Amino acid sequence: MAERKAIPVATKLRLFSEASGHCQKPDCLEALFPIELGGDKHIAEMAHMIPHGDAGPRHADRPAGDFDPDAFDNLILLCPTCHTKIDKNPDGFPRGILLEWKQNHIANLAAKQGIKAYGNRAEARAAFVGVMAENKAIWDKFAPEHGASFEYDPESEAARAWDQRMRSVILPNHYRAQAIIRANLGLATDDERRTFAEYQEHVRGLVERHVCGVAGRAIRFPAAMEGIFS
């Protein structure tokens, strides 16, 4: 079997970000941070579409030439049940199907969550503000003072409470808010599109720190997001 190396952190971050916290199998879409586990522990598994080596599920679909099995395009984020299903039945779940799941994941998730394109900016804004209100309330109560970190005592009760709420509530709300905006980008101005790009980077940084466990800081929440679709 080919030597197995650790999947790069940047790849893991992108996978978690684009999955928006949910299994990417379209008839599943289950939360990967289950409430029954407190919402702060994930059950996500990074499944290879094409395996390492010359055996394993879908190995015959390996493209010609240089191929990195641990590249983002060859990985899909699934719950354990769906991971087992696709690997036990590779003929029923060929590479093309898995690529289609990834491509359509955000649209499938939005449909399941009742997210849609609205007819005007006011409706889009109401949907976004409604999701983000909970995040603001949690920020006001639990966030490190003045945006500082808990670097001096990361095991304190306050640090644990903040980290738990970040993974179980704040990040899922950010994923939903992003889906609302994506579905309604046709209503956004050019400035709002640029602000949305900054907001996406803010969320990626949160995922990097709180899910992937990489030290560093996310860029600050763009203040202009407060007025999006106004």
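The values are calculated or read from the model by the stated rules, or taken from the named source; none is laboratory data. This one's a predicted model, so the numbers in the text were calculated from it and none came from an experiment. Here Cβ is always computed from backbone atoms with ideal geometry, including for glycine, and neighbour counts include all displayed protein chains. Side chains included, ligands, DNA and RNA excluded: accessible areas come from the protein's heavy atoms. Shrake-Rupley method; radii C 1.70, N 1.55, O 1.52, S 1.80 Å.
Summary table
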{"item": "Pick from the stretch 195-206, criterion under 12 Å from F16 (Cα atoms) and in contact with a His (Cβ under 9 Å, 6 or more places away or on another chain), ranking: least open to solvent (accessible area, probe 1.4 Å)", "result": "V203"}
{"item": "Test result for G65, open to solvent by less than 50 Å² (accessible area, probe 1.4 Å) and of a type in the set (G, A, S)", "result": "no"}
{"item": "Residues located in the stretch 103-130, provided they are crowded, with 18+ Cβ neighbours inside 10 Å, within 19 Å of G186 (Cβ to Cβ) and at pLDDT 90 or above", "result": "Y118, A124, R125, A127, F128"}
{"item": "Residue tally, condition assigned to a loop (DSSP other than H, G, I, E, B) and within 13 Å of the chain's Cα centre (by Cα), over the stretch 6-33", "result": "8"}
{"item": "Criterion violated by R95 - all others in (1) touching a residue at least 24 places away in the same chain (Cβ under 8 Å); (2) buried (at least 20 other Cβ atoms within 10 Å of the Cβ); (3) over 25 Å from I170 (Cα atoms) satisfied", "result": "(2)"}
{"item": "Tally of residues being at pLDDT below 85 and open to solvent by 50 Å² or more (accessible area, probe 1.4 Å) across the stretch 15-42", "result": "4"}
{"item": "Failed item in (1) more than 25 Å from A31 (Cα to Cα); (2) open to solvent by 40 Å² or more (accessible area, probe 1.4 Å); (3) in a helix (DSSP H, G or I), with E192 passing the rest", "result": "(2)"}
{"item": "Hits in the stretch 63-89 (condition: touching an Asp or Glu at 6+ places or on another chain (Cβ under 8 Å) and in a loop (DSSP other than H, G, I, E, B))", "result": "C79"}
{"item": "First in the stretch 186-213 and free of Cβ contacts under 8 Å to residues at least 12 places away in the same chain, second anywhere and outside any loop (DSSP other than H, G, I, E, B) and open to solvent by less than 20 Å² (accessible area, probe 1.4 Å), Cβ under 9 Å, 6 or more apart", "result": "R209/M166"}
{"item": "Number of the exception - P144 against (1) in contact with a His (Cβ under 7 Å, 6 or more places away or on another chain); (2) at pLDDT below 75", "result": "(1)"}
{"item": "Given (1) of a type outside the set (A, V, I, L, M); (2) closer than 24 Å to S168 by Cβ; (3) buried (at least 19 other Cβ atoms within 10 Å of the Cβ), number of the condition E45 does not satisfy", "result": "(3)"}
{"item": "When residues of the stretch 133-146 are limited to those that are in a helix (DSSP H, G or I) and open to solvent by less than 30 Å² (accessible area, probe 1.4 Å), the one nearest to S156 (Cα to Cα)", "result": "I138"}
{"item": "The lone exception for I50 - which of (1) closer than 21 Å to N89 by Cβ; (2) free of Cβ contacts under 8 Å to residues at least 40 places away in the same chain; (3) open to solvent by less than 60 Å² (accessible area, probe 1.4 Å) it fails", "result": "(2)"}
{"item": "Given (1) touching a His at 6+ places or on another chain (Cβ under 6 Å); (2) without any contact (Cβ under 8 Å) to a residue 60 or more places away in the chain; (3) not β-branched (V, I, T), number of the condition L109 does not satisfy", "result": "(2)"}
